[in-house]
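**Q** Sharing a structure here in structure tokens format.
The values are calculated or read from the model by the stated rules, or taken from the named source; none is laboratory data. No experiment lies behind these values; they were computed from the predicted model shown. Here Cβ is always computed from backbone atoms with ideal geometry, including for glycine, and neighbour counts include all displayed protein chains.
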Amino acid sequence: MRYLTYLIPLVLLFVTACGGSENQNQERTDTQTAANQSSDVRTINIIGVNQMKYVVKDENQQGITTGTEVGSGGMLELETISAEPGETIRIQLTTQSQMPATSMAHNFILLTLSADVDAFNSAAIKAKDNSYIPSDLTDQIIAQTDLAAGGETVKVTFTVPEETGDYPFICSFPGHYAAGMEGTLNVE
């Protein structure tokens, strides 16, 4: 009986300490502006691939235009996203890659109308310690995700700007913008 008084607490400690394991495809969420998780949020599912492109599996997603096929598997390059001023959009970006995160990761950065995309990209390449986000140019960012390595998904929810125009979006991981990992949010 005396052994049970010691054994039961040890068993309980063991059971609670082991707990469940987390899913390896960790999902991180960045929320910007005052957007919420309501049903009024349009979600656009984007995939980042080793060819350094934003692609989509479903070309019939509301308000997107696609270009050429990328790789095999029927994925199409994402070219534009159309949106209305004030609309709430969620970008969900998943990276498909077997490469290590130091070699291949993707993010989604929506820039302002006045942003100099080439200058932003040049500064981003030098901002490795800040996940390739130039800290002195954050005023040019409307919305951004974290970097997503292979198998990871990141999200950002934002309110589309009221001013109409073509807002550039890019991946700031070194070499990706130059390889064509970019597109346009057309606010009309």
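**Q** Is there a residue being surrounded by 12 or more Cβ atoms within 10 Å (Cβ to Cβ), hydrophobic (A, V, I, L, M, F, W, C) and in contact (Cβ under 8 Å) with a residue 40 or more places away in the chain anywhere in the stretch 52-73?
**A** Among the residues of the stretch 52-73, at least one is surrounded by 12 or more Cβ atoms within 10 Å (Cβ to Cβ), hydrophobic (A, V, I, L, M, F, W, C) and in contact (Cβ under 8 Å) with a residue 40 or more places away in the chain, which makes the answer yes.
**Q** Return the only residue of 111, 76, 93 being touching a residue at least 40 places away in the same chain (Cβ under 8 Å), among the hydrophobic types (A, V, I, L, M, F, W, C) and out of contact with any helix residue (DSSP H, G or I) (no Cβ under 7 Å at 6 or more places or on another chain). Outline the logic, then answer.
**A** Details: 111 fails: out of contact with any helix residue (DSSP H, G or I) (no Cβ under 7 Å at 6 or more places or on another chain); 76 fails: touching a residue at least 40 places away in the same chain (Cβ under 8 Å).
Of the residues listed, the single one that is touching a residue at least 40 places away in the same chain (Cβ under 8 Å), among the hydrophobic types (A, V, I, L, M, F, W, C) and out of contact with any helix residue (DSSP H, G or I) (no Cβ under 7 Å at 6 or more places or on another chain) is 93.
**Q** When only residues in the stretch 157-188 that are buried (at least 17 other Cβ atoms within 10 Å of the Cβ) and small (Gly, Ala, Ser) count, which is nearest to residue 147 (Cα to Cα)?
**A** Taking the candidates together, the pick is 172.
**Q** Let me ask something additional. Among the residues in the stretch 28-36, are any surrounded by 16 or more Cβ atoms within 10 Å (Cβ to Cβ) and modelled with pLDDT under 85?
**A** Yes, the stretch 28-36 contains a residue that is surrounded by 16 or more Cβ atoms within 10 Å (Cβ to Cβ) and modelled with pLDDT under 85.
**Q** Let me ask another. Being of a type outside the set (Asp, Glu) and over 22 Å from residue 172 (Cβ atoms) is the filter; apply it to the stretch 84-97 and report the residue that is surrounded by the most Cβ atoms within 10 Å (Cβ to Cβ).
**A** As a first pass, look at the stretch 84-97 and keep what is of a type outside the set (Asp, Glu): 85-86, 88-97.
Cutting the leftovers down to over 22 Å from residue 172 (Cβ atoms) gives us 85-86, 88.
Details: 85: 12, 86: 10, 88: 18.
Of everything passing the filter in the stretch 84-97, 88 is surrounded by the most Cβ atoms within 10 Å (Cβ to Cβ).
**Q** Quick one: how many residues across the stretch 63-109 are over 16 Å from residue 153 (Cα atoms), out of contact with any Gly (no Cβ under 7 Å at 6 or more places or on another chain) and not aliphatic (A, V, I, L, M)?
**A** 17
**Q** Only one of these conditions is not met by residue 104: (1) crowded, with 19+ Cβ neighbours inside 10 Å; (2) outside any strand (DSSP E or B); (3) in contact with a Leu (Cβ under 8 Å, 6 or more places away or on another chain). Which number is it?
**A** In the conditions (1) crowded, with 19+ Cβ neighbours inside 10 Å; (2) outside any strand (DSSP E or B); (3) in contact with a Leu (Cβ under 8 Å, 6 or more places away or on another chain), residue 104 misses (3) alone.
**Q** I'm checking my understanding of the structure. Among residues of the stretch 109-149 that are among the polar types (S, T, N, Q) and assigned to a helix (DSSP H, G or I), which one is surrounded by the most Cβ atoms within 10 Å (Cβ to Cβ)?
**A** Of all residues in the stretch 109-149, those among the polar types (S, T, N, Q) come to 112, 114, 121-122, 130-131, 135, 138, 140, 144-145.
Retained after the next criterion (residues that are assigned to a helix (DSSP H, G or I)): 121-122, 130, 135, 138, 140.
Details: 121: 22, 122: 12, 130: 12, 135: 9, 138: 10, 140: 20.
The extreme case among them is 121.
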